[in-house]
1. So if I place +1 on the C-beta of Lys and Arg and -1 on the C-beta of Asp and Glu, and nothing else carries charge, what would the dipole magnitude of the chain be about its Cα centre? I want it in debye, nearest 20.
2. Can you classify region 92-198 as rounded, prolate or oblate using the Cα gyration tensor, where a ≥ b ≥ c are the square roots of its eigenvalues, rounded means a/c under 1.5, and otherwise it's prolate if a/b beats b/c and oblate if not?
3. Applying 1/(1 + (r/R0)^6) with R0 = 35 Å to the Cβ-Cβ distance of Asn4 and Asn48, what FRET efficiency is obtained, to the nearest 0.05?
4. Helix 17-28 against the longest principal axis of the chain: what's the angle in degrees, Cα atoms only, rounded to the nearest 10?
5. What is the sum of charges, Lys and Arg at +1 and Asp and Glu at -1, for the other residues whose Cβ falls under 14 Å from the Cβ of Glu56?
6. Please find the FRET efficiency linking Ala228 to Lys106, where r is the Cβ-Cβ separation and R0 is fixed at 51 Å, and quote it to the nearest 0.05.
7. Taking the chain as the reference, fit the longest principal axis to its C-alpha atoms, fit the long axis of helix 151-161 to the helix C-alpha atoms, and give the angle between the two in degrees, 0 to 90, nearest 10.
8. Can you tell me how much longer the chain between Asp246 and Ile213 gets when fully stretched, taken as 0.36 nm per residue apart minus their C-alpha distance, in nm with one decimal?
Amino acid sequence: MKSNIKTNIIITCKGRLAHLKRSLPLAAAQEMSHCIVVDYSCPDNSGNWVEEYFPEITVVRVPNQPHFNLSAARNIGANNATAPWLFFIDADILLPTHAIATIHNKIESGFAYRPESSGKNRDKSGCVLVERTDFTRIDGYDDVIQGWGAEDSDFYWRLEESGSPILPLPLKGIETIAHDDRERMRHHSVDNKKTSSQINRSYFQIKRSITNINKAALSKLTRSDLYALIEAAILHNGNTTSISFDSTQVRGLLTDKKLTYKIQNQSKQSFVKRIQQHFT
């Protein structure tokens, strides 16, 4: 049994056992840490494999989930954590030797840390080290977000809004296991990566706008209504669409005005900037 546990490394898995077999030995060998693996209805029974070969690791099973929800899976992992720091990584992340010990020599309380996310490091953008108290304060990830994309942007935005600045993770040598979009998307209800990204980024941008209107965090009921409207509009209308709604359609909306948003799908960068808000 390890002593001086400062970090829980949380890894989620649905259909990625081949990746987990490469990444988990590296994570399990880290000093000052304890791993939690969330078997999110994994068709490969990844939890069974972990228990057989790494009995010291905590396995959390989430049964009867037809589609993968990264946010929900990470929240469940965090609910089973006890260490003061949480390090979220995907099953395709390969940690270098002594990664956790290296990190803890360089970090401070009051901040969160993530790898640089530009260029070849983009696949590491979902990795994040955060204090458990900060994670709990913002209610973790928004598990209304489904499919691929934007759950990390939403999480980082809310962390910083709550007073936890995000700094570059002081660690070199993190690698990723290459895989294609077919493998990435096969356990999502919307299995087209571009479409899923458009839905989620539109939701994130509009959610931010409505949060400013409400001047408070949105309830799960409000967020669920909003996500359903955006998903339906994009799936029905494609690249360019608009949505209009009021408090009868998005419950918990604290305005009597109808809100209209225009959504345009350009490149990934310009798409986020082109979402516009109109009041009537």
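1. About 780 debye.
2. Details: a/c = 2.38, a/b = 1.28, b/c = 1.85.
Oblate, since a/c reaches 1.5 and b/c is not below a/b.
3. Values: r = 30 Å, r/R0 = 0.85.
Efficiency, rounded to the nearest 0.05: 0.75.
4. 60 degrees
5. Numbers: positive: Lys2; negative: Glu31, Glu51, Glu52.
Taking every Cβ under 14 Å from that of Glu56, the sum is -2.
6. Details: r = 43 Å, r/R0 = 0.84.
Once the sixth-power term is evaluated, E becomes 0.75.
7. Between helix and principal axis, roughly 90 degrees.
8. Working: separation 33, 0.36 × 33 = 11.88 nm, distance 1.25 nm.
The Asp246-Ile213 span can extend by a further 10.6 nm.
Quick note: the coordinates plus some simple rules give every number you see, no bench work behind them. Predicted, not measured: the structure shown is a model, and the values here were computed from it. Quick reminder, even Gly has a Cβ in these numbers, built from the backbone with ideal geometry, and neighbours come from all protein chains shown.
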